[in-house]
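Data first, discussion second: the structure below is written as structure tokens.
What follows is calculated from the coordinates using simple rules that are stated; it is not laboratory data. Since the model is a prediction, treat every value here as computed from it, not as a measurement. Note that we place each Cβ from the backbone using ideal geometry, even for glycine, and neighbour counts take in every protein chain shown.
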Amino acid sequence: MPTRHVKLRVMSFNILKAGGTASAARWAGRRELVIQAIRAFDPDLLGTQEAKSRQARYLRCELGDYGFVSAGRDEGLFAGECPAVLYRSERFEKLDEGHFWLSRRPDRPGSRNWSSVVPRIVSWVHLRDLRRRGKGLFLFNTHFCPLSWRARMRSVWVLRQQIARLAGRVPAVVTGDFNTRAGSRTYTTLLAGMNDGGLELVDAYRAAHPDKARYEGTWHGPTGRRARRRIDWILHTPDFATVDAAIDRAKRNGRFPSDHFAVTATLRW
């Protein structure tokens with residue numbers, strides 16, 4: 001296949017942490033639906049948010065054809081939520097992996113600042129795409145604070161600086177639940193940025209759908225209601241062009257897999 005035609009299927013999915021008492025939140029009743037949703041899109045790259053350690057183990061087991069990188073946000077091992085990055089093993093060779101915290105000390109496990117109630121972490125992986133003559137790329141995955149606007153804005157600074165430091169000029173994809181609407185100051189700063197090497201990020205969904213719709217929200221409660229705030233994004237450097245992007249609002253076996261709709265994008269090198 002000519003390399004110019006190679007495409008990349010990316011998915012970001014907040015799977016809702018286990019432990020809720022409401023029947024709609026119980027992991028045992030949803031976990032197979034989460035896997036069905038992932039398999040239905042069949043991503044090459046996947047970022048998940050809110051998984052607890054047992055959920056992460058389940059994903060690793062059920063998605064055995066994917067490489068898996070994850071760490072607990074509380075101490076860098078297993079405690080706390082684990083924003084995992086997954087990549088198709090037959091397509092990619094892992095070159096490096098790591099984690100950093102959205103704080104004044106990104107290298108300190110469990111660190112938090114700026115009124116963030118809990119630590120916030122970014123997991124990343126550096127890959128070689130075997131279908132693209134070994135061309136490299138990075139995948140970064142995160143989950144921003146839902147309560148503190150200041151924490152989200154400061155997290156943008158840290159995230160952009162770390163992407164610029166780690167990836168440099170290597171193509172990069174960013175997935176996450178950013179807990180703020182597309183179009184907010186957090187959003188525009190994350191995309192357009194600051195003096196950090198000229199990093200530019202593109203919102204795949206907006207690139208595919210330039211005209212904003214009234215209801216394009218991704219958090220639904222999990223009622224399935226149409227909301228306006230699109231808080232789950234797939235971003236990428238201009239090394240890729242967006243072919244398509246979508247919000248997966250499908251029910252499976254009569255219920256929703258999570259309180260977030262998964263978001264998907266097809267990119268072209």
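Summary of computed values
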| item | result |
| --- | --- |
| Length-normalised contact order for the chain - Cα pairs under 8 Å, 6+ apart - percent | 20 |
| Using θ = phi - 60° and Karplus 6.51 cos²θ - 1.76 cosθ + 1.60, couplings along the range 63-80 (whole Hz; Gly, Pro as x) | 10, x, 8, 10, x, 9, 10, 7, 7, x, 5, 6, 8, x, 10, 10, 7, x |
| Hits among lysines - C-alpha to C-alpha of Lys94 under 21 Å, sequence gap 8 or more where chains match | Lys7, Lys135 |
| Low-density loop positions, trypsin sites (Lys or Arg not before Pro), the range 130-198 - DSSP coil, at most 10 other Cβ in 10 Å | Arg133 |
| In Hz, Karplus ³J(HN,Hα) per residue of the range 47-53 (6.51, -1.76, 1.60; θ = phi - 60°; x = Gly, Pro) | x, 10, 10, 6, 5, 7, 4 |
| Antiparallel DSSP beta bridges within the range 132-256, as percent of all bridges there, nearest 5 | 55 |
| Principal axis dimensions, the range 3-268 - Cα atoms, whole angstrom, descending | 47, 44, 39 |
| Gain upon complete extension [Lys251, Ser89; 0.36 nm per residue less C-alpha separation] | 55.5 nm |
| Length released on extending from Val118 to Lys7, taking residue separation times 0.36 nm less the Cα-Cα span | 36.3 nm |
| Among Ala262, Leu127, Gly72 - extreme Cα towards positive end, dipole of the chain, charges at beta-carbon | Ala262 |
| The range 85-129: GluC sites (Glu not before Pro) falling in loop per DSSP and having at most 16 other Cβ within 10 Å | Glu90 |
| Cα gyration tensor shape of the range 49-132, rounded if a/c is under 1.5, else prolate or oblate by comparing a/b with b/c | oblate |
| Loop trypsin sites (Lys or Arg not before Pro), the range 71-126, which have at most 16 other Cβ atoms in a 10 Å radius of their Cβ (DSSP) | Arg104 |
| Gain on full stretching of the segment that runs from Ala227 to Asp65 - 0.36 nm per residue minus C-alpha separation | 54.9 nm |
| For Asn179, residues with placed amide H under 5 Å, excluding near neighbours | Phe144 |
| Amide hydrogen neighbours beyond the local backbone of Lys7, cut-off 5 Å, H modeled | none |
| Interchain or long-range residues, amide H under 5 Å from Ala262's placed H | Asp248 |
| Per-residue HN-Hα couplings for the range 26-34 [Karplus 6.51, -1.76, 1.60; θ = phi - 60°; Hz; x = Gly/Pro] | 5, 5, 4, x, 10, 4, 5, 5, 4 |
